1. Counting only GluC sites (Glu not before Pro) that sit in a DSSP loop (anything but H, G, I, E, B) with at most 11 other Cβ atoms within 10 Å, what is the longest stretch of the chain containing none of them?
2. Please work out the C-alpha center-to-center distance from the range 17-33 to the range 45-71 and express it in whole Å.
3. For the range 4-87, what's the radius of gyration and Dmax over Cα atoms, in angstrom?
4. Can you give me the long-range amide H partners of Ala46? Hydrogens built in the peptide plane at 1.01 Å from N, cutoff under 5 Å, separation of 5 or more residues or another chain.
5. Just grab the label-to-label distance for Glu41 and Glu125, each label 7 Å out from Cα along the Cβ direction, in nm (one decimal).
6. In degrees between 0 and 90, to the nearest 10, how far off the longest principal axis of the chain does helix 90-111 point, with axes built from Cα atoms?
7. With an 8 Å Cα cut-off and a minimum separation of 6 or more residues, compute the relative contact order for the range 4-87 in percent.
8. What is the fewest-to-most order of Ile184, Ile88, Ile161 by other Cβ atoms lying within 10 Å of their Cβ?
Amino acid sequence: MISLDEAVTARLESHGERFEVLVDPDAALAIKRGEFDGELEDVIAARDVFENASRGDRPAEEDLEEVFGTTEPMEIIPEVIERGEIQITAEQREEMQERKRRQLVNTIARNAVNPQMDNAPHPPERIESALEQAGFTVDPMEPVESQVDDALDALRPVIPIRFEEVTVAVSLPADYAGSGQAQIREFGELEREEWQSDGSWVGVLTFPAGMRNDLYDLVAEVTSGEGETRVIKDKDELSTR
């Protein structure tokens, strides 16, 4: 369950009665869109249906039975969210907007590069500043994923930017290969791998180009700086970092 401070109220008015439930705002939006695949227990603040959540008043059981055909809260809660309206305060809206703004900035920074600077990643601070300069406003009621394209359209007149993937070959010395390769292989899509006769490991991964520095940092961490990386530009040519 979530805390009351994190929850918003979803309200449904039907048959002259009001029904309210307390739920995580992002989960409520996902449920309304039919996109929620988590556990309901994890995104609600109470296993209960209220007539007035702020006072803790509960509706009569006969009203629940008449409107929903059941008195079981965990069956009623999703229906209230799907059919009702999500009530958020100005403060909650501001907090949701700020959280999604950070998520949007991080998503773009991890996937985007600067095509005028040899496809170098854009730092999050640059993305954030450019979005502000472009006057882009994050919608707190929409998923971050659905706002990325609009954000990129707003950014392009301000900074050179595009989404791109990069393929990198990673070599781990034998002393670090056993434990290190498990972490490296999870970083992106593992295209191929090979264990060398000396016990070292080589893997080729494809991932968003904006995360290239993150991979370099991870390789340095798991090998105490002894690992090697090479960006694969084509089938025949490798360029060192």
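1. Looking at the chain, 40-185 is the longest stretch - no exposed GluC sites (Glu not before Pro) with at most 11 other Cβ atoms within 10 Å.
2. Between the Cα centre of the range 17-33 and that of the range 45-71, the gap is 14 Å.
3. Just the Cα atoms of the range 4-87 yield Rg and Dmax of 11.6, 32 Å.
4. Hits under the 5 Å cutoff: Leu22.
5. Roughly 4.5 nm, to one decimal.
6. 20 degrees
7. Relative contact order for the range 4-87 comes out at 40 percent.
8. Final ranking by Cβ density, sparse to dense: Ile88, Ile161, Ile184.
Where a number appears in this text, it was derived from the coordinates with a stated rule and is not lab data. Just so you know, these numbers come straight off a predicted model, no measurement behind them. Cβ sites come from the backbone with ideal geometry, for glycine too, and all protein chains shown count toward neighbours.
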